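The values are calculated or read from the model by the stated rules, or taken from the named source; none is laboratory data. Being a predicted model, the structure only gives us computed values, none of them experimental. Please note: Cβ atoms are built from the backbone with ideal geometry, for glycine as well, and neighbour counts cover all protein chains shown. Side chains included, ligands, DNA and RNA excluded: accessible areas come from the protein's heavy atoms. Shrake-Rupley method; radii C 1.70, N 1.55, O 1.52, S 1.80 Å.
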Amino acid sequence: MLVTVDDDGRAIRMAGDPEHPFTQGFLCTKVAKYLERTYHDERLLQPQIRTGAKGEGKFRRATWDEALDLIAARLQSVIDEHGAQAILPYSYAGTMGLIQGESMDRRFFHSLGASLLERTICASAGAEALNVTYGTRMGTDPETVGEAKLIFLWGTNTLTANPHLWPFIRKAKDNGAKIVCLDPLRTRTALASDEHIPLRPGSDGAFALSMMHVIFRDGLEDRAYLEAMTLGWEGLRDRVLRDYAPEKVAHICRVEPSVIEDLAHRYATTRPTFIRLNYGLQRHGGGGSAVRAISLLPAVTGAWNDVGGGCLLSTSGTFHELNLSALERKDLSPPGTRMINMTRLGEALTKTDDPPVKALVVYNSNPGSIAPDRENVIAGLKRDDLFTVVLEHFQTDTADYADVLLPATTQLEHDDLHKAYGHLYMMYNRRAIAPLGESLPNSEIFRRLAARMNLDAPELRESDETMMRQVLSGMPFTLDELKERGSIRLDVGSPHLPYRIGAHVPTPSGKIEIASQRAVAKGLDLLPEYVPPYESGERDPELAKRFPLALISPPAHSFLNSTFVNVVSLRRSAGKPTLEIHADDAKPRGINDGKKVTIFNDRGSFTAEAVVTDRVRPGVVVAPSIWWAKLSDDGRNANHTTSQAVTDIGNGATFFDNLVEVRVH
Ligand SMILES: Nc1nc2c(c(=O)[nH]1)N[C@H]1C(S)=C(S)[C@@H](COP(=O)(O)OP(=O)(O)OC[C@H]3O[C@@H](n4cnc5c(=O)[nH]c(N)nc54)[C@H](O)[C@@H]3O)O[C@H]1N2
Ligand SMILES: Nc1nc2c(c(=O)[nH]1)N[C@H]1C(S)=C(S)[C@@H](COP(=O)(O)OP(=O)(O)OC[C@H]3O[C@@H](n4cnc5c(=O)[nH]c(N)nc54)[C@H](O)[C@@H]3O)O[C@H]1N2
Ligand SMILES: [Mo]
């Protein structure tokens, strides 16, 4: 991003950097409004201490000294009474900067001996599925996607959630490629594709394995690739031939068998083929298994061998030379420290004992809006015996429950380093303006807090600049070069072909592990299989009868998870909380367009305005998200219905594995 600053030091313009080879001068809908957000009237500019009841949102202004003294004293008394593991840090994707997201904060909590947070809210099912199969997270070089002749956009709303990939897809299209979108919803991405396959949510693993059935049955697999690069392919072949015939799987996926046959044939006979696999489809009970199966399609056909071929979920494994252990200092955390799954925050705050969570420190996250089973999360946040600190830009749904609220700097107001998970460049974020009000970078807040708590180890005093040098110590460039150039492509060859024949695969066997002993060690099957959604007729017919509709609550086009919901222009374009429902489901319930409806299950309920549309298939309803509960009419959002159950692989969140019923409000 390029920021123009006027003579008074005020940022007046923001634009994409036209010289960045991947983002090419383009800012997405939300970040284009980042100045409106930064200079928002309601920015938190001073530390605050709670005066009202928890959740009421009443605070008084405090000085940094007073706020930090209070936090230090309260954390110390929690440690004295319950031990350090009664303290829980909670952070995720507010900023993905290495310094403001995983440096001094981690060192601070590790030194205290606080509970560790298992960061599973987004990507861990897919990440672990790739780790088990490929040893790391790498994929097709996104800049080569223009070479592909057949592209699957699978469980991804690319135009909304990953628009920077679109120019490369566009290029492929211009060269005659066909684009196929696999998504239960007719998203804007589906509309921009050549074909749309609205398969049933949570059935993708079966679909992929059935494609393999067709490929092996008809002898279309790439034997040479399978022999050279994979382990256990014969077992996979036998399994898919036995269990995943299209006639059977078509029923699971609610598509015609010919759809699977046709797609499998084209996939196996076209080159190069590219699959953009994204996170939407792994937010189901069987999400890990689904990613495991889909990611193996290019191994079966040898698509990994082609420039522009393969599959891309995440490139984050290509950043393995970053010295994250020097940055985070996990070694400072006492051995045996417990780990708490962030997806199960509600449970952690209301049921966990030995010790109970007595202090919660939230930064870079808004769990009061985004965590599943919100009813339970709020019950936890309301506890009067819980001491809660929130570092924020705004008074969010979570901030309302804070005892102490601290003002944090935005991306324009601090320096940072960024890796990527959708491209191959390391980036430097140079501060453009001075911090607004009394706001401070997260790293500085934790540095000051460590000093207040008399933690005087040298690693808790290091500057951001020192930490940047430490994390870059194994990279083939220096911090100064990165500052100078802004972004530098990783040294992975161009194009990067991570799994071309002859490449080293970082698994124990050095091959792509179709049969994975590491999967077995995690309690999974040796080979990929289809795992049905937890909340489905297959698993729980009784539940499916009471709650017959599958609710998906993916990000609205104008929001970034819960970020930007309070930015007026973006909220205006999002409109209001809606529920998209097919006429076949709306009619018998007496629902017509514009009617206010209640969406509910045993966990909770929320209200929205019905939009009757054939964008969704019958049996599926959609609530574009993630609304701030307090900015919705009913003070609730879709996470009142979502579940704390975790995925088959990676203990990930299952936001879209969620059966509900809908009635007129
Ligand atoms: N504008 C915008 N961009 C974002 C974000 C945002 O909030 N707003 N969030 C960022 C973050 S943190 C993430 S993780 C990514 C998420 O971006 P994506 O990985 O694209 O994930 P989602 O948007 O959650 O879901 C993508 C699509 O998956 C579909 N889907 C749901 N269940 C299934 C299923 O079972 N099978 C299939 N095939 N499709 C299914 C949904 O209908 C949705 O259209 O986007 C990032 N980019
Ligand atoms: N129903 C439903 N729930 C979901 C999802 C969904 O699709 N549907 N998506 C899930 C996914 S993929 C994700 S990644 C999570 C995301 O959940 P979160 O990680 O909580 O992300 P955000 O909702 O964007 O909230 C981030 C907060 O961090 C703050 N922040 C930003 N930068 C900084 C900073 O430098 N310092 C400090 N102190 N604060 C900062 C922002 O103001 C914002 O309030 O939500 C999950 N929840
Ligand atoms: Mo995410």
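In this structure, the pairs whose alpha-carbon distance is over 28 Å, taken from K351/K630; K178/K596; K58/K358; K171/K419; K545/K595, are K178/K596.
In a reduced charge model with +1 at each Lys and Arg Cβ and -1 at each Asp and Glu Cβ, segment 83-179 shows a dipole moment near 240 debye about its Cα centre.
Cross-link partners of K330 among lysines, defined as those whose alpha carbon lies under 16 angstrom from its own and excluding same-chain residues fewer than eight positions apart, are absent. Taking segment 531-562 and a reference point 7 angstrom along Cα→Cβ of H251, the backbone N atoms nearer than 15 Å belong to 537-539.
The distance separating the Cα centre of segment 140-173 from that of segment 2-18 comes to 30 Å. For segment 73-80, putting each phi into the Karplus relation 6.51 cos²θ - 1.76 cosθ + 1.60 with θ = phi - 60° gives couplings of 5, 5, 5, 4, 6, 4, 4, 4 Hz, in residue order, rounded to whole numbers and with x for Gly and Pro. Under 20 Å Cα-Cα from K173, which lysines qualify once same-chain neighbours fewer than 8 residues away are excluded? Partners within reach: K149.
Rounding to the nearest 20 debye, state how big the charge dipole of segment 541-664 is about its Cα centre with +1 on each Lys and Arg Cβ and -1 on each Asp and Glu Cβ. Write down the numbers at each step before the final one.
On the way: 15 positive and 13 negative charges, 76 e Å.
Computed charge dipole of segment 541-664: roughly 360 debye.
How large is the helix-only mean residue ellipticity at 222 nm for the chain, computed as the sum of -39500 (n - 2.57) over DSSP H runs with n ≥ 4, divided by its residue count, in deg cm²/dmol to the nearest 500?
On the way: 26 runs with 204 residues, N = 665.
Only helices count here, giving -8000 deg cm²/dmol.
Here the average projected area of the convex hull drawn through the C-alpha atoms of the chain stands at 27.7 nm². Note on R448: accessible area is roughly 90 Å² with a 1.4 Å probe, heavy atoms of protein only. Taking the dipole about the Cα centre of the chain, with the C-beta of Lys and Arg at +1 and of Asp and Glu at -1, give me whichever of F564, P18, V300 is farthest to the positive side. Result: F564, furthest along the dipole toward the positive end.
Which of the chymotrypsin sites (Phe, Trp or Tyr not before Pro) across segment 1-45 are loop residues per DSSP, with 15 or fewer other Cβ within 10 Å? Could the numbers behind the result be given before it?
On the way: sites: F22, F26, Y34, Y39; in loops: F22, F26, Y39.
When the chymotrypsin sites (Phe, Trp or Tyr not before Pro) of segment 1-45 are filtered for loop state and at most 15 Cβ neighbours within 10 Å, Y39 remain.
When restricted to Cα atoms, segment 289-384 yields an Rg and a Dmax of 20.0, 59 Å, respectively. Using the Cα gyration tensor of segment 541-664, with a ≥ b ≥ c the square roots of its eigenvalues, what is the shape: rounded (a/c below 1.5), prolate (a/b larger than b/c) or oblate (neither)? Since a/c reaches 1.5 but b/c is at least a/b, the shape of segment 541-664 is classed as oblate.
Looking at the chain, the accessible area is 36 square angstrom per residue; that uses a 1.4 Å probe and ignores ligands, DNA and RNA. D648 contributes an accessible area of around 40 Å² to the protein surface, as traced by a 1.4 Å probe with all chains present. Applying 1/(1 + (r/R0)^6) with r as the Cβ-Cβ distance of D384 and A228 and R0 = 45 angstrom yields a FRET efficiency of 0.10.
With every protein chain kept in the model, how would you rank K30, K511 by accessible area, 1.4 Å probe, largest at the top? Please report the intermediate quantities before stating the final value.
Numbers: K30 20, K511 65 Å².
Accessible-area ranking of K30, K511, largest first: K511, K30.
When both segment 589-665 and segment 207-278 are represented by their alpha-carbon centers, they are found 33 Å apart. Label positions at D480 and L543, each projected 7 Å from the Cα along the C-beta direction, are separated by 5.9 nm. Residues T63, T396, ordered by accessible area of protein heavy atoms at a 1.4 angstrom probe radius and largest first, appear as T63, T396.
Close amide H contacts of C311 (hydrogens built in the peptide plane, cut-off under 5 Å, sequence separation of 5 or more or a different chain): T140, I275.
Heavy-atom accessible area, probed at 1.4 angstrom with all protein chains present, ranks Y534, Y401 as Y534, Y401, highest first. Distances between placed amide hydrogens fall under 5 Å for T388 paired with L360, D403, V404, all partners being 5 or more residues away or on another chain.
Carbon-plus-sulfur fraction of the accessible area of the chain, 1.4 Å probe, in percent? Let's see the in-between values first.
Numbers: 11820 of 24270 Å².
Carbon and sulfur together cover 49 percent of it.
In the assembled protein chains, L191 presents an accessible area of approximately 120 Å² (probe radius 1.4 Å). If R0 is 30 Å, the Cβ-Cβ spacing of K576 and E42 corresponds to a FRET efficiency of close to 0.90.
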